[in-house]
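Below: the structure, in structure tokens.
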Amino acid sequence: MAIDYFRLKNWVFPDQEYRYSEHQTVLYALGLGFGQDPLDLAELRFVYQKQLQAVPSMAVILGHPGLWMKHPESGIDMLKVVHGEQRIRLHHTLPSSGSVIGRSRVASVTDKGAGKGAVVVVQRDVIDKQSGTLLAAVEQVTFCRAEGGFSDNGQLSDVLPKAQAAIPARPADHICDMITRPEMALLYRLSGDMNPLHADPEVARAAGFARPILHGLGTYGVACRALLKTCCEYRAERLTAMGARFSAPVFPGETIRTEIWRELGKAYFQARVVERDTVVLSNGIAEIAG
């Protein structure tokens with residue numbers, strides 16, 4: 001079944017209630033490598049109940065609609081789906097525990113042409129259940145490699161989402177190296193994404209990888225950790241937005257180097273694996289308050 005533009009644009013997502021405790025908030029942070037230095041009091045606030053604060057990038061797991069593209073009615077071949085970009089905007093600092101509602105919608109469906117794939121953008125509001133306050137807006141851009149050309153039969157196609165800003169053409173202002181532990185993917189998956197690609201060597205080899213890879217959103221979270229350290233003095237409330245494009249996978253145990261350029265309340269960034277000199281996150285941009 002091919003993509004039906006109107007079916008996707010009108011896809012009904014049930015509200016997703018997500019309850020989380022301080023235990024889960026700490027588990028998410030540990031899955032990004034927080035707390036590797038037990039004497040680092042700044043990072044300790046993300047992994048210890050005393051004055052606990054949530055990592056801003058945790059918004060990506062709150063109220064997630066799940067693998068809805070696997071539904072036959074979507075017309076999407078899940079085996080040829082690639083997570084292209086991720087963006088978050090924090091309207092309020094995430095509570096260290098609570099109950100939220102995830103309210104998702106398909107914002108756009110774009111045909112890149114036959115043989116070139118399609119781009120589907122899903123937006124999600126993360127809402128505090130008790131107060132109704134909008135905590136965060138989350139946007140996921142997915143590249144559906146097998147679905148290009150659906151507009152050739154007269155269907156509509158939305159304008160391609162605006163590309164993330166390119167990094168400045170000068171040496172980075174800051175460089176932050178973060179070591180990923182060999183078991184990082186096994187720990188990160190406990191925050192919700194149990195895809196065996198990140199745990200089972202046989203599944204990884206079948207997908208073309210020598211061994212299990214780190215979740216893309218795990219890499220995204222490591223870059224968030226680098227931004228908090230370098231630009232925000234580890235104050236979660238200062239990081240108000242963050243977006244990036246996924247360029248290549250990370251193997252747990254590798255070093256992620258985040259290169260950061262500061263400009264007028266913004267931080268442009270990219271991340272690369274030091275051992276292979278490979279860019280894994282590109283076109284990154286964050287907004288820094290204060």
Only one of these conditions is not met by Leu67: (1) surrounded by 13 or more Cβ atoms within 10 Å (Cβ to Cβ); (2) without any contact (Cβ under 8 Å) to a residue 24 or more places away in the chain. Which number is it? (1)
Matching residues in segment 34-62 - criterion: being basic (Lys, Arg) and either surrounded by 20 or more Cβ atoms within 10 Å (Cβ to Cβ) or touching a residue at least 24 places away in the same chain (Cβ under 8 Å) (or both): Arg45
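If we keep just the residues of segment 261-287 that are over 18 Å from the mean Cα position of the chain (by Cα) and β-branched (Val, Ile, Thr), which is nearest to Leu30 (Cα to Cα)?
Val274
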Looking at segment 99-115, can you tell me whether even one residue there is within 30 Å of Glu233 (Cβ to Cβ) and surrounded by fewer than 16 Cβ atoms within 10 Å (Cβ to Cβ)? yes
Considering (1) polar (S, T, N, Q); (2) within 20 Å of Met194 (Cβ to Cβ); (3) buried (at least 16 other Cβ atoms within 10 Å of the Cβ), say which one Ser21 fails and leave the rest. (3)
Restricting attention to segment 126-138, which residues are assigned to a strand (DSSP E or B) and either surrounded by fewer than 18 Cβ atoms within 10 Å (Cβ to Cβ) or not assigned by TED's automatic domain parsing to the domain that holds Arg19 (or both)? Asp128, Leu134, Ala137
From Glu237, Glu263, Glu275, residue being surrounded by fewer than 23 Cβ atoms within 10 Å (Cβ to Cβ) and within 20 Å of Pro168 (Cα to Cα): Glu263
Within segment 250-260, can you find the residues that are closer than 30 Å to Ala207 by Cα and surrounded by 19 or more Cβ atoms within 10 Å (Cβ to Cβ)? Val250, Phe251, Pro252, Glu254, Ile256, Arg257, Thr258, Glu259
Residues in segment 97-123 that are at pLDDT 95 or above and out of contact with any strand residue (DSSP E or B) (no Cβ under 9 Å at 6 or more places or on another chain): how many? 0
For segment 180-191, which residues satisfy the criterion of being outside any helix (DSSP H, G or I) and among the charged types (D, E, K, R)? Arg181, Glu183
Quick check on segment 167-174. Is at least one of its residues in a loop (DSSP other than H, G, I, E, B), at pLDDT 95 or above, over 19 Å from the mean Cα position of the chain (by Cα) and closer than 28 Å to Lys70 by Cα? no
Would you call Met194 in a strand (DSSP E or B) and in the same structural domain as Leu239 (by TED's automatic domain parsing)? no
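The values are calculated or read from the model by the stated rules, or taken from the named source; none is laboratory data. Only a predicted model underlies this, so the values are computations on that prediction, with no experimental measurement involved. Ideal geometry is used to build each Cβ from the backbone, glycine not excepted, and the neighbour counts take in all protein chains shown.
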